[in-house]
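Peer 1: The structure's right below; bear with me while I get my questions together.
The values are calculated or read from the model by the stated rules, or taken from the named source; none is laboratory data. Predicted, not measured: the structure shown is a model, and the values here were computed from it. Cβ: placed from backbone, ideal geometry, glycine included. Neighbour counts: every protein chain shown. Accessible surface areas use protein heavy atoms only, side chains included; no ligands, DNA or RNA. Shrake-Rupley method; radii C 1.70, N 1.55, O 1.52, S 1.80 Å.
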Amino acid sequence: MKIGVSTSSFGVPDDSPIRFLRARGFEVMLNPYGRRLTPDEATEFTADLDGLIAGLEVLDRTVLSSAGQLKAIARVGIGMDNIDQAAAADLGIKVSNTPEPPTLAVAELTVAAMLGLVRDLEGHARDVRQGVWRKRVTPGIHGAVVHLIGFGRIGRKVAELLRPFCPEILVSDPAVDPEAELPGARLVTLDEGLSRADVVSLHAAGRATVLGPRELSLMKRGAFLLNSARGELVDQDALLRALQSGQLGGAWFDAFWEEPFKGDLLGCENFIPTPHVATYTAPCRSSMEMLAAENIVRDLELRSASQ
């Protein structure tokens, strides 16, 4: 059977998952483009596959329907909103993901970016490179109000990593039971959290816009925004205006509306972009990719056994 790997960096630097698949007799086809596949490329790539180890490319009903032999998809990562799961179910395609390994890697980069934004590491470094030796007073995290939008695995881990800094942590998540105990955090409405926070960090699922012009206007002037989840959670034009006007003091994004990202936001000195690398620690990538390989083997073997 043939397994395709669409995530562009699979097996780099550890090719154990590829060797694992080949040792079990599978033919492995790697992404030939070195980037996220377009829908047309995904259609062509999946045409004769039995299994797909997937990244963030769009796998909608059109793509899946054209993959006549496809029996299983193993997503490398947590979110699966790029996969039409109803279509997969209709077509008898088993879908899995790897929710545990990314948690710490994404949370630690989020906290690193938060500290960098709040202490303006980028601005200070830019000054020094330009020959300006200027010491500016910046906010800190200690005692700040941090609003986490989304409180799943990653949101909870971010809260845990922040606790030594003693911030006030506010949480907005419609999936959290209002009666649930949230040690060190308090559940609030989205509007309350936005209006009170010094720092807002997005960890929500899906692609629906959460922060549009109204929501960004509710934030404290000079507050900071972080997004390691999905670009679509934020209105891009409204974000640009908020950064240019000083409504936001700065923003860090690791996920974008399209990738590679080339939008006008890159012209804002208070916008810090990273190329979707939150999961890119060696332990995280190795664990995610091996788990995806194990998932695809399990699901293909179960499918073969049932036929």
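Peer 1: Given 0.36 nm per residue, what is the gain on full extension from residue 125 to residue 87 after removing their alpha carbon distance, in nm?
Peer 2: On the way: separation 38, 0.36 × 38 = 13.68 nm, distance 4.90 nm.
Full-extension gain reported as 8.8 nm.
Peer 1: Please identify the DSSP H helices in the chain that span no less than 18 Å along the helix axis (Cα) and have a mean Kyte-Doolittle hydropathy of -0.5 or more.
Peer 2: Long hydrophobic helices here: 102-118, 282-306.
Peer 1: Hey, got the Cα dimensions of the range 1-124 along the principal axes, in Å, largest first?
Peer 2: 54, 32, 26
Peer 1: Using R₀ = 30 Å, calculate the FRET efficiency as 1/(1 + (r/R₀)^6) where r is the Cβ-Cβ separation of residue 258 and residue 27; round to 0.05.
Peer 2: Efficiency, from the Cβ-Cβ distance: 0.40.
Peer 1: Just the Cα atoms of the range 161-307, one point each, no solvent: what log10 I(q)/I(0) does Debye give at q = 0.11, 0.13 Å⁻¹?
Peer 2: Rounded to two decimals, the profile gives -0.55, -0.72.
Peer 1: With Rg and the Kirkwood Rh both taken from Cα atoms, where does Rg over Rh land for the range 44-83?
Peer 2: Using only Cα positions, Rg/Rh for the range 44-83 is 0.93.
Peer 1: To continue, here is another question. When ranked by the protection proxy of mean other Cβ atoms within 10 Å per residue, highest first, what sequence do the peptides 176-186, 91-101 form?
Peer 2: By packing density, highest mean first, the sequence is 91-101, 176-186.
Peer 1: How long is the range 144-223 along each principal axis, judged by its Cα atoms, biggest number first, in Å?
Peer 2: 31, 26, 20
Peer 1: Under a 1.4 Å probe, what is the accessible area of the range 76-165 per residue, stated in Å²? Numbers along the way, then the final one.
Peer 2: Numbers: 4440 Å² over 90 residues.
Heavy-atom SASA per residue in the range 76-165 reads 49 Å².
Peer 1: Take the solvent-accessible surface of the protein heavy atoms, probe 1.4 Å, and return the percent of it on the chain that carbon and sulfur atoms account for. Don't jump to the answer; show the numbers that get you there.
Peer 2: Working: 7700 of 14290 Å².
Carbon and sulfur together cover 54 percent of it.
Peer 1: Above 25 Å lies some portion of the pair distances; for the range 68-204, what is it as a whole percent of all C-alpha pairs?
Peer 2: Every Cα pair in the range 68-204 considered, those over 25 Å come to 44 percent.
Peer 1: Restricting things to Cα coordinates, could you compute the convex hull volume per residue of the range 262-307 in Å³?
Peer 2: 100
Peer 1: With a cap of 14 neighbouring Cβ atoms within 10 Å, and only residues DSSP puts in a loop, list the GluC sites (Glu not before Pro) found in the range 215-285.
Peer 2: Passing both the DSSP loop test and the Cβ count: 258, 269.
Peer 1: Continuing with the same structure: Let me know the Rg and Dmax you get for the range 200-281 when you use only its Cα atoms, in Å.
Peer 2: Radius of gyration, then largest Cα-Cα span, for the range 200-281: 11.7, 36 Å.
Peer 1: Using the Kirkwood radius over C-alpha pairs as Rh, can you work out the diffusion coefficient of the range 57-124 via Stokes-Einstein at 20 °C, viscosity 1.002 mPa s, in µm² per second?
Peer 2: The diffusion coefficient I find is 149 µm²/s.
Peer 1: Per residue, what volume in Å³ does the Cα convex hull of the chain take up?
Peer 2: Details: hull volume 46.0 nm³, N = 307.
Taking only Cα atoms, the chain has a hull volume of 150 Å³ per residue.
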